Amino acid sequence: MTDARIARLHGRRVWDSRGRPTIEVEAHLAGGAVGRAIAPAGASTGRGEALDLRDGGARFGGLDVRLALNAVNTTIAPALAGLEATDQEAVDRLLIGLDGTADRSRLGGNAIVATSMAVLHAAAAARGEPLWLHLSRGRPVRTPLPEIQIFGGGAHADRRVDVQDFMVMCPAASSFSEALDWTAEIYRTAGELLRKAGKLQGVADEGGYWPAFDSNEEALETLTRAIEAAGLRPGTQVAISLDVAASQFGKSGVYTLALDDRTLDSGALIEMLGSWIEQYPILSVEDPLAEDDHAGHAEFTRRYGHLCQVIGDDFLVTDARRVHAAAAAGEANAVLIKPNQAGTVTEALAALRAGRQAGFSTIVSARSGESEDVTIAHLSVGWDAGQLKVGSFSRSERMAKWNEVLRIEEALGESAEFSGWSALPFATTESAAVRP
Ligand code: 2PG
Ligand code: MG
């Protein structure tokens, strides 16, 4: 291993997949190793997330990042100089202390996460290892089950449909690459169905089709038909995964579905989602209720947690303490892991470990604002998360992550084990088969 002490950090402003400014950090180590990472950005954010610091004012719609960039180059860089890049916990502890706020609003969650991930990359480079291998520390790993968006909605498609993500998972595929093959056919077929119906309006923020559906349920019907038209069996081979992102259309137990022209209380929303679970091959539901609706989450998990994965995203914000609390209260059975929600790599790993300890499934996830950065592809394998959610099957900021996992799968060679059904411990092919 070359000398892994941090010699120099450099922050620069780059642009994300929405054409908005973001932070890239380069970490240069004493022995010559270099690591680089770019901060992603959410659109449907949870209240408990690390703050994405933006300048405000008129420039770029208030989204410029000069304050956060300045924090990297003038506050963070000198403070980290001389630290061992391989001691990620010490680096992240220092970053957290340097910021000193609960929501990372002084230096900016974007400045902090880009630095934390850049140091991680540099440490792997100093060891001469690919990042996934550096993270696995010799433990066995699996390639993740991908959750891939086919239709976009919610905050990512100007609320064209209320539900944010209509995704597919291919747990019966024999490998990660086969799961992508199947998804490619479904994505293409879904596009054809929409085009023929005159309902295709381009693609949403994460590359899924921006659909002109007349109801939320029409998306589920169309997706099920697309799976069949692609020659695959809904339920036994390919399952549907939803990100309801309910905080976007509900709070204090009142939910307004604009497309369906309905206002529901928690109980009625649970009923509606439950009827979808009974009618369609849904094996995963993210944020079924709003982030403030603990009782709703508990009720939904009690009723449907044996049939599907109940993921906390905005609800758990990649926070180990919230994961422990939700597990104790039976409010979820899976946790989304977003490094920029937690703030640092160490905190994201702590949330993943908390989930694993509680028997939750774990899903490493991208944000709606992304870039060519592929760190999360490596985290999903190196941490053996079991699942990876990146958005759709188009647009290069999404494909970069899928393609990176293909490279990792190839590097793993014969020993590459695909997580497949093992990522969904509650589901058996039999339990999925009883549904249409
Ligand atoms: C989510 C993410 C990614 P955003 O809600 O899971 O789909 O969206 O990055 O906008 O929070
Ligand atoms: Mg979400």
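Bear in mind these aren't lab numbers, they're just calculated from the coordinates by the rules spelled out. These numbers come from a predicted model, not from an experiment. Positions of Cβ are backbone-derived with ideal geometry, glycine not excepted, and every protein chain shown enters the neighbour counts.
Numbers at a glance
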{"item": "Relative packing of 355-366, 270-281, which averages over residues the other C-beta atoms within 10 Å, highest first", "result": "355-366, 270-281"}
{"item": "Per-residue ³J(HN,Hα) for region 229-243, Karplus 6.51 cos²θ - 1.76 cosθ + 1.60, θ = phi - 60°, Hz, x for Gly and Pro", "result": "5, 7, x, 10, 9, x, x, 7, 10, 10, 10, 9, 10, 10, 10"}
{"item": "FRET efficiency for Arg47 and Ala411, using Cβ-Cβ distance with R0 set to 56 Å, rounded to 0.05", "result": "0.90"}
{"item": "Straight-distance crosslink candidates among aspartates and glutamates, where the alpha carbon sits under 15 Å from Lys199 and sequence neighbours closer than 8 are dropped", "result": "Asp214, Glu217, Glu218, Glu221"}
{"item": "Arg59-Thr101 FRET efficiency (beta carbon distance; Förster radius 22 Å; 0.05 resolution)", "result": "0.35"}
{"item": "Region 275-414 - Rg over Rh from alpha carbon coordinates, Kirkwood radius", "result": "0.99"}
{"item": "Inter-part distance where region 83-127 and region 277-308 are each reduced to a Cα centre, Å", "result": "34"}
{"item": "Ranked Leu316, Leu67, criterion: other C-beta atoms within 10 Å, fewest first", "result": "Leu67, Leu316"}
{"item": "Considering only the chain, percent of DSSP beta bridges that pair antiparallel, nearest 5", "result": "55"}
{"item": "Using θ = phi - 60° and Karplus 6.51 cos²θ - 1.76 cosθ + 1.60, couplings along region 83-96 (whole Hz; Gly, Pro as x)", "result": "6, 6, 5, 6, 9, 4, 4, 5, 4, 5, 4, 5, 4, 5"}
{"item": "Debye equation applied to the C-alpha atoms of region 6-129, log10 I(q)/I(0) at 0.13, 0.21 Å⁻¹", "result": "-0.48, -1.15"}
{"item": "Extension gain from Ala229 to Ala79, taking 0.36 nm per residue of separation minus the Cα-Cα distance", "result": "48.3 nm"}
{"item": "Dimensions in Å of region 148-230 - Rg and Dmax from alpha carbons", "result": "12.1, 36"}
{"item": "Spatially proximal aspartates and glutamates relative to Lys401 (Cα-Cα < 14 Å; intrachain offsets below 8 disregarded)", "result": "Glu147, Glu206, Glu370, Glu372, Asp373, Glu409"}
{"item": "Largest to smallest principal axis extent of the C-alpha atoms in region 145-433, angstrom", "result": "51, 47, 38"}
{"item": "Thr263/Arg303 FRET efficiency (R0 30 Å; Cβ-Cβ; nearest 0.05)", "result": "0.90"}
{"item": "Calculated from backbone phi, Karplus (6.51, -1.76, 1.60) coupling profile of region 263-277 in Hz, x at Gly/Pro", "result": "10, 10, 8, 3, x, 5, 5, 4, 4, 4, 5, x, 5, 5, 4"}
{"item": "CD proxy at 222 nm, helix term only [per DSSP H run n ≥ 4: -39500 (n - 2.57); per residue of the chain; nearest 500]", "result": "-11500 deg cm²/dmol"}
